[in-house]
Each structure stands twice: as structure tokens, then as C-alpha cells.
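Reviewing the structure listed below.
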Amino acid sequence: MNNTSTSAIGVIGGYGAVGSAAVRRLHQAGASPLLIAGRDPGKADALLDALPADGPPAATMAVDLDDPDSLDRFAARCRLVVNCAGPSYRILDTVAEAALRHGADYVDAAGDDPAHRLLCADGGAGQWATAGRTAVLSAGALPGLSGLLPRALTARTRRATRLDAYLGGVAPLTPAAAGDVLLARGPEHGTSAAAWQDGGVRERALPPRRDVRLDAFPRPVSVFPFLSTEAVRLARDTGIGHVRWYTVFGGERLAGELAMAWAMNSTDTTGLVAAAAEDVRHYGAWYGQEFHLWEGATDGPPAAKLVLRSADSYELSGFLTATAVLRLLHGSIAPGVHFAADVLDPAQVAQALAADPAADLTITQG
């Protein structure tokens, strides 16, 4: 079951938590031929066997991202490379550059600012455009949906003046996801305790808060202000004058373990994976994103609110990755290097997500 033509839609990390969610959606949508790739051929074959037999053609391939020849052999078979492997801050632009070398388009479920800067350095963005190839980064739940859903909300208002965002919950961490959580700090990712105010980053503006009750989460949560680079881009693009961006922890163990790992400058993800698992055992698994938007005066109740609930953030990432792939295959995204939130239609994404079985999305006004 490993014979597929060239010009495949190849998914690296295709049997992982995000990759399998993306593969299932792409297979259901008729995208073909699919090439499910990763280090473990057995896991890739197991996913292939689980796909409906009457669906479009699909195959598997062993690929080791630490072996450039292996990666090149894979990319040579693809017209579109989808990266669902991680951690993204170790992979950076490695898979994207292989895609470009072999004339393939590229979609990354993660790949935020550090990867974007590398791809655009020294005229790199122009190389993609000149080659007629497209790279779409940050096509996951966070970053990705976290930048798109507020845009869907602002489109419903006349003059947005303030946005508060709450993103997180309780979820198991894969080692790759734990690596991204551990390494997602520093000015290239955002600023802790900061807010966006009057066109600039205001440092040390916000304290953490505990026992916060929000509609997106089934129990009180702890929220920690972290103004991400995605939030800054959103503020600049929409002209919103005040943005408060919070990371949500629904359990106790992960937040403490992460703080300790950062303090010790550790790169070992074992403790984070175990802490997340312990939180899930105590509180169950749930994930949410909630956005409050104000018009005019920035005090009082918000003018609109978007609430997203899900049992599985990896399914949400798979949803947006598949959405980006399908839009790219449709020819709806111009050549060049883009963030998903800049090139996908926010209203269309919100409407499709509201109909997806992995999500519960509501928008209220007034």
C-alpha cells in the first residue's frame, strides 16, 4: 500500500496527534493522493489502514527529518508538503526549504515568527513568489485560529477598540508539543505581562489572575498575560487600540512545571508531558478560546463575544491545517510566504469550525 504517484500531498508527522486529524479531514475531502510520512512506518501504515477503503488513494513513506536525503526523497514526491511534525522550534525552516527545492507548496501546522523570518531573510519571500510557490505558516489552533477568530469577531463590529483573549485549558502534551511550549518564550515569541495599548507594547501592564470564570472553560482557571507576536500583528492589522492576551491553565501541575523548567533553562520535556498528564487525570481534557470585543468605550461589558470549546486542541489544529491545504489546492492563496491568519477568510473559517464535530463555537453580541 505504498505505491502512490508523484505530486502527492505529503504529510510529515501524519500519524501524530495533529497530523492524523489533518489526514482524516483531507481524506474525507477527497484530497489525493495522500502520502503519510514519519519515522515510524508501522504507525503510518496503521493510520492508512484505518482510513475508509473507498476513499481517495493514499500511501505511506518513512521519513527522518534528521536525514536530509530522506527528506529530499520525500519532498521530491510531493506537490504540497504539510508539516505536522515538531517541535517546530527545532525544525524551523528545514522542511519548508526542502519543499521549495523540489517545487512544492508548503503548509505548516506551527511554524510561527522564527520560521517566517528565516524563510523571508535575504529575499527568501521573493524566491517563493518567483517560483510560483506558496508557504502558509501558523495553521494550527495557536497560533492560527487564535489570530483568525478575533478577525471574524471584528468583522461584525463597527469600530473595535479593545480585545481580551483567553487561550488554553487542560490537555495532554505530546513530546513535540511540549517542546514548543517549552521553547516558546523570548521576544521573538512575545512579551510576558505586557499589553497592547495605544499602538505599542506596554510592558509589565498586567498581573496574572486566578479563579477566573469564563464561558469557554468548565471550571475556574488561572490566566497569565502573554502578549504574543501573533497578538501584536492582529492589533496592528485591525487597528484595535487595546489588546490583552492571556494564556489559560486549567490545572495546577503544568503551570508550575513550566515555570520551573524556564527558571532552570531546561530543554527536557519529560516533566511537562508528565505534568500535563496529571492535570488531565484530575480535571479531564478540555480546551477553549474566548474573545471579548469592545466598541467605543473600553469599560463596561463587551459588545461582542466569541467562545470556542473543544475536547481536543490537536483536532482544532488538524482542522485549520486541512483548511489551509484545501484553500491552497483550490488556488485561493497567492504565491509567497504567509501566516494563515493573513490569507484565510475569517468568516468562512468560523462558519466551518462551528459545523465541525470537534468544536463548539458561539458568537454573541450585546
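Counting only residues that are over 22 Å from the mean Cα position of the chain (by Cα), polar (S, T, N, Q) and under 27 Å from Leu361 (Cα atoms), the stretch 258-313 holds 1 of them. Just one of the listed residues (Leu142, Leu163) is out of contact with any His (no Cβ under 6 Å at 6 or more places or on another chain) and farther than 22 Å from Val18 by Cβ, namely Leu163. Of the residues making up the stretch 246-290, those that are open to solvent by less than 40 Å² (accessible area, probe 1.4 Å), under 30 Å from Ala155 (Cα atoms) and of a type in the set (Ser, Thr, Tyr) number 2.
Among the residues of the stretch 187-196, is any among the hydroxyl-bearing types (Ser, Thr, Tyr), open to solvent by less than 30 Å² (accessible area, probe 1.4 Å) and under 30 Å from Ala275 (Cα atoms)? There is no residue in the stretch 187-196 that is among the hydroxyl-bearing types (Ser, Thr, Tyr), open to solvent by less than 30 Å² (accessible area, probe 1.4 Å) and under 30 Å from Ala275 (Cα atoms). Pairs are defined by a Cβ separation below 8 Å, a sequence spacing of at least 6 or placement on different chains, a first member in the stretch 210-232 that is closer than 18 Å to Val280 by Cα, and a second member that is open to solvent by 10 Å² or more (accessible area, probe 1.4 Å) and of a type in the set (Val, Ile, Thr); the pairs so defined are Pro220/Val212; Val221/Val212; Ser222/Val212; Val223/Val212; Val223/Thr247. Taking the stretch 1-82 as the region of interest, none of the helices (runs of 4 or more DSSP H) fully inside it holds 2 or more residues being among the β-branched types (Val, Ile, Thr) and out of contact with any strand residue (DSSP E or B) (no Cβ under 8 Å at 6 or more places or on another chain).
Of the residues in the stretch 293-328, how many are charged (D, E, K, R) and closer than 16 Å to Ser146 by Cα? So that I can check it myself, show each step before the final result.
Pass one, the stretch 293-328, residues charged (D, E, K, R): 295, 299, 305, 309, 312, 315, 327.
Add one more test, that the residue is closer than 16 Å to Ser146 by Cα, and what stays is 305, 309, 312, 315.
Number of matching residues: 4.
Filter the stretch 216-245 down to residues that are within 19 Å of the chain's Cα centre (by Cα) and either farther than 24 Å from Pro114 by Cα or among the aliphatic types (A, V, I, L, M) (or both) and give me whichever is surrounded by the fewest Cβ atoms within 10 Å (Cβ to Cβ). Filtering the stretch 216-245 for residues that are within 19 Å of the chain's Cα centre (by Cα) and either farther than 24 Å from Pro114 by Cα or among the aliphatic types (A, V, I, L, M) (or both), the one surrounded by the fewest Cβ atoms within 10 Å (Cβ to Cβ) comes out as Val232. When the stretch 291-302 is filtered for residues that are touching a Phe, Trp or Tyr at 6+ places or on another chain (Cβ under 9 Å) and either buried (at least 22 other Cβ atoms within 10 Å of the Cβ) or free of Cβ contacts under 8 Å to residues at least 60 places away in the same chain (or both), the ones remaining, listed by number, are Phe291, Gly300, Pro301. For Ala46, the test of being closer than 19 Å to Ala135 by Cα and either of a type in the set (D, E, K, R) or more than 23 Å from the chain's Cα centre (by Cα) (or both) is failed.
Can you tell me which residues in the stretch 64-105 are open to solvent by 50 Å² or more (accessible area, probe 1.4 Å), in contact (Cβ under 8 Å) with a residue 60 or more places away in the chain and over 18 Å from the mean Cα position of the chain (by Cα)? If the condition is that a residue be open to solvent by 50 Å² or more (accessible area, probe 1.4 Å), in contact (Cβ under 8 Å) with a residue 60 or more places away in the chain and over 18 Å from the mean Cα position of the chain (by Cα), then Ala76, Arg77, Arg79 are the ones that fit. Of everything in the stretch 322-351 that is assigned to a helix (DSSP H, G or I) and of a type in the set (Val, Ile, Thr), the residue that is nearest to Leu35 (Cα to Cα) is Val325.
Here Ala350 clears all of (1) under 17 Å from the mean Cα position of the chain (by Cα); (2) aliphatic (A, V, I, L, M); (3) open to solvent by 20 Å² or more (accessible area, probe 1.4 Å) except the condition numbered (3).
The values are calculated or read from the model by the stated rules, or taken from the named source; none is laboratory data. Note that the structure is a prediction, hence the values are computed from the model and not measured. Virtual Cβ from ideal backbone geometry, glycine too; neighbours counted across all protein chains shown. Just the protein is used for accessible areas: all its heavy atoms, side chains included, with ligands, DNA and RNA removed. Shrake-Rupley method; radii C 1.70, N 1.55, O 1.52, S 1.80 Å.
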